Amino acid sequence: MNPRRAHGVTSPLVRDLGVPVKGVCWARLHPGKTAAGRDSLLASMSQNNGGLFVIDIDLETGHCTQFQVHDGARSTFAAASFRSLLTGILYIVSGWDGHLHRFDTTRSERGLEDLGRIYDTPGDIAPLGISEGPDGILWIGTYPGASLTKFNPATSGFTHFGRCDETDNYLYPLAGDDSSLAGIVKFGRQHLLVIDPKTGEHREVGPSVTDPTDKAQFLKFFKGTDRRLYLDSHAGKFRVDGMNLTPVDELPAPLPGIHATYKHAYQAPAEMPGGWTAHFLDDNINGTGTPRNVLLVNRDPLVPSRRLLLDWVGSGSNLHVFDIGPGGDIFGTSYMPNRLFRAKPDGREIADLGEHTFAGGEAYSLATLDGKVYLGSYPESRLSVYDPTKPVHFGTGPNDNPRDLGRLDAIGFRPNVLLTTPDGRLWMGSSPDYGLYGGPFAWFDPKTGAKRSHRHVVANLSPASGLYLPELKQILLGLSIEPGTGMPVKKNLLNGAFSFWDPAKDELVWSGDLGLDNLADITSLAPAGGGYVYALIGRGDHILTAGAPEIRPRLALIDPAKRTVVASAWLPEDFGPLSWHGYFSLRVGPGGVVYGVTGYCVFRIGPGTCDLKRVWQLDQPKKRPGTVWLTASSTNVIDVVGPIIGHQFYFATGWRLRTLTLP
């Protein structure tokens with residue numbers, strides 16, 4: 001483990017309890033043919049432990065020959081993949097390292113080849129779209145730089161055309177068979193670019209989406225069955241003709257299997273040469289889960305369909321949130337796929353309970369109410385519920401368990417806050433949808449199904465933490481400057497805020513900074529005894545990469561009744577950065593003593609003070625100037641902060657559920 005024995009710190013016992021989830025995400029089927037013309041079915045899958053992989057599926061038995069990526073620590077997600085219509089070669093662009101990979105069934109002995117980084121800007125870490133032109137040239141768009149790269153398979157050479165938009169960060173290119181090239185830009189102001197494939201020169205054409213909340217505005221960009229590019233929009237129908245946009249009366253159907261960028265379906269031809277189509281049957285919400293059942297259907301109705309059971313092997317999915325739940329067990333979820341797990345505190349039993357929501361990303365928050373576990377998940381801040389006393393059968397009906405309860409509003413996307421009040425209601429606070437500012441605060445009554453959402457607590461800020469205050473019968477909210485994904489922070493809005501909310505009147509009581517200057521995001525709140533509250537204040541990577549200046553984390557002791565700060569202290573620099581986002585990083589231990597956690601340190605807070613005592617410390621990597629902190633699941637970093645049960649502090653390092661014995 002290599003913990004640091006400095007400042008009088010001992011080395012408490014750390015145990016690995018197990019790997020609760022071994023699912024995959026971005027799972028895509030890629031039908032095609034071999035060099036000999038035989039039907040061929042490949043699939044690309046992503047995972048955290050070991051990275052992405054490709055499987056070559058035996059169409060008779062379902063047996064999978066598995067090909068692992070070379071650098072599994074970095075090339076984890078196959079965010080975009082495409083099987084060439086010309087050669088049958090499968091191409092994958094990986095996040096979070098921005099590399100292009102190739103798998104050729106005729107040269108399977110080479111495995112999954114790494115062709116190198118697609119763009120030389122370190123910030124472009126997530127390729128989003130990949131498209132093939134009639135000449136076999138590949139076009140790749142990336143996040144967060146909205147950049148365009150050309151790859152020539154004949155020479156294995158990259159041509160980088162750079163950033164295509166000065167504000168937005170997402171670019172999804174498509175190449176038409178008439179040599180037209182265009183790309184849709186998302187998410188702040190969606191618009192279409194036409195691109196000169198020889199020079200990379202580009203310009204905006206056609207309508208744009210100026211208000212993401214106006215559902216009447218839309219852009220649907222796709223490749224049609226005539227293999228040309230089309231735009232369907234609120235302002236009309238258009239065809240891309242070189243560097244121009246031509247109005248048309250009718251639109252062809254999207255070309256099957258070619259990714260229509262508004263659907264995110266990155267699959268090659270939908271039909272194999274022998275007339276077979278392949279579909280995942282089960283457990284595959286948005287390409288996530290443990291998809292093992294494939295249905296083969298032939299266009300000839302006299303040829304019977306077949307089912308295949310795939311035998312691919314997963315290694316582990318990162319955990320994202322977990323806490324103590326009904327019966328004293330630990331309940332939590334994993335990260336893409338968003339699967340629910342249950343674990344005994346001693347680790348003797350860990351069970352993957354499967355899907356709990358249609359939100360395939362990850363749960364951000366968890367609360368227990370009336371013996372049931374409620375979870376808020378990304379995307380769409382969907383609420384779900386699980387009753388541990390009933391059999392598992394996921395769905396949306398009243399008898400399903402877990403049950404997806406849907407959204408509380410149309411704005412929330414990342415539900416950072418989920419808490420309960422004595423009247424039996426759940427309260428959810430979220431950051432907003434892509435392209436928006438200001439996250440909502442909403443409530444839900446499980447007994448009646450009633451709900452209500454407030455668009456803003458404070459304009460342009462988003463709830464990041466919350467705590468019910470029984471003495472005041474109010475909710476204390478910590479607010480963040482976090483915008484919707486893909487949006488830069490507002491340069492004139494760099495301070496978070498504290499807010500007091502009256503749940504009975506359902507209204508804001510007061511909001512402000514409590515006299516703390518240079519206030520960052522209030523990422524975690526915990527009761528300190530005597531009516532006081534501890535607040536952990538800092539900025540995670542997701543805020544820094546959105547353009548916010550870095551602010552050192554600090555702790556504050558608050559008197560909510562007087563709305564004053566009793567004491568505050570900056571965290572020592574060698575405590576390390578906050579764990580990814582810092583949420584839930586304050587935890588109450590034995591005797592009401594509050595502990596704090598960063599990515600590399602556990603510390604105890606002296607009751608009634610801001611005196612900090614280091615309990616456990618790990619060496620941390622050096623931070624290069626101009627970069628932000630990024631956790632690395634292959635190290636011993638604390639990625640997820642869990643509960644304290646007795647003297648055991650539970651946390652996750654990547655896909656591993658772990659426990660630390662507190663002194």
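The values are calculated or read from the model by the stated rules, or taken from the named source; none is laboratory data. Note that the structure is predicted; figures quoted are calculated from it, not measured. Neighbour counts run over all protein chains shown; Cβ positions are idealised from the backbone, glycine included.
Some points to look at:
- Residue match in the stretch 156-170 (condition: touching a residue at least 60 places away in the same chain (Cβ under 8 Å), outside the structural domain of Gly439 (by TED's automatic domain parsing) and in a strand (DSSP E or B)): yes
- Taking the stretch 176-193 as the range and being over 24 Å from the mean Cα position of the chain (by Cα) and either closer than 22 Å to Ser84 by Cα or in a loop (DSSP other than H, G, I, E, B) (or both) as the test, the residues that pass are Gly176, Asp177, Asp178, Ser179, Ser180, Leu181, Ala182.
- Qualifying residue in the stretch 606-620 (condition: touching a strand residue (DSSP E or B) at 6+ places or on another chain (Cβ under 6 Å) and within 30 Å of Thr485 (Cα to Cα)): no
- The set of residues in the stretch 595-621 being at pLDDT below 90 and either surrounded by 21 or more Cβ atoms within 10 Å (Cβ to Cβ) or not in a strand (DSSP E or B) (or both) consists of Gly599, Tyr600, Gln617, Asp619, Gln620, Pro621.
- For the stretch 294-312, the criterion of being within 24 Å of the chain's Cα centre (by Cα), at pLDDT 95 or above and not assigned by TED's automatic domain parsing to the domain that holds Leu366 is satisfied by at least one residue.
- For Asp71, the stated conditions do not hold, so it cannot be described as surrounded by fewer than 19 Cβ atoms within 10 Å (Cβ to Cβ), assigned to a strand (DSSP E or B) and either touching a Ser or Thr at 6+ places or on another chain (Cβ under 8 Å) or touching a residue at least 12 places away in the same chain (Cβ under 8 Å) (or both).
- Scanning the stretch 359-378 for residues that are crowded, with 19+ Cβ neighbours inside 10 Å and assigned to a loop (DSSP other than H, G, I, E, B) yields Ala359, Gly360, Gly361.
- Selection from the stretch 278-328 of residues that are among the small types (Gly, Ala, Ser) and touching a residue at least 40 places away in the same chain (Cβ under 8 Å): Ala278, Gly287, Gly289, Gly314, Ser315, Gly316, Ser317, Gly325, Gly327, Gly328
- The stretch 74-88, residues that are in a loop (DSSP other than H, G, I, E, B), touching a residue at least 60 places away in the same chain (Cβ under 8 Å) and within 16 Å of Leu29 (Cβ to Cβ): Ser84, Leu85
- The combined condition, being at pLDDT 95 or above, touching a Pro at 6+ places or on another chain (Cβ under 6 Å) and either within 17 Å of Ile411 (Cβ to Cβ) or hydroxyl-bearing (Ser, Thr, Tyr) (or both), is fulfilled by Leu477.
- Top-ranked residue in the stretch 186-208 [being at pLDDT below 95 and buried (at least 20 other Cβ atoms within 10 Å of the Cβ); ranked as nearest to Gly439 (Cα to Cα)]: Gly188
- Test: residue in the stretch 543-566 that is of a type in the set (A, V, I, L, M, F, W, C), part of a strand (DSSP E or B), in contact (Cβ under 8 Å) with a residue 12 or more places away in the chain and surrounded by fewer than 17 Cβ atoms within 10 Å (Cβ to Cβ): yes
- Residue within the stretch 99-115 that is closer than 14 Å to Ser46 by Cβ and of a type in the set (A, V, I, L, M) present: yes
- Of the criteria (1) free of Cβ contacts under 8 Å to residues at least 24 places away in the same chain; (2) surrounded by 21 or more Cβ atoms within 10 Å (Cβ to Cβ), which one Pro440 fails: (1)
Table: residues versus (1) at pLDDT 90 or above; (2) touching a helix residue (DSSP H, G or I) at 6+ places or on another chain (Cβ under 9 Å); (3) of a type in the set (Val, Ile, Thr); (4) surrounded by fewer than 23 Cβ atoms within 10 Å (Cβ to Cβ).
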site	(1), (2), (3), (4)
Pro3	no, no, no, yes
Asp16	yes, no, no, yes
Pro20	yes, no, no, no
Val24	yes, no, yes, no
Phe53	yes, no, no, no
Glu60	yes, no, no, yes
Trp96	no, no, no, yes
His99	yes, no, no, yes
Asp114	yes, no, no, yes
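- Phe394 hydrophobic (A, V, I, L, M, F, W, C) and over 15 Å from Tyr364 (Cβ atoms): yes
- In the stretch 11-45, residue nearest to Asn338 (Cα to Cα) [restricted to those that are assigned to a strand (DSSP E or B) and among the charged types (D, E, K, R)]: Arg28
- Residue pairs meeting the criteria (Cβ under 7 Å; at least 6 apart or on separate chains; first among the polar types (S, T, N, Q), in the stretch 192-210; second in a strand (DSSP E or B) and surrounded by 13 or more Cβ atoms within 10 Å (Cβ to Cβ)): Ser208/Gln190; Ser208/His191
- The stretch 508-541, subset assigned to a strand (DSSP E or B) and of a type in the set (Gly, Ala, Ser), residue nearest to Ile125 (Cα to Cα): Gly538
- Test: residue in the stretch 125-144 that is crowded, with 22+ Cβ neighbours inside 10 Å and touching a Cys at 6+ places or on another chain (Cβ under 7 Å): no
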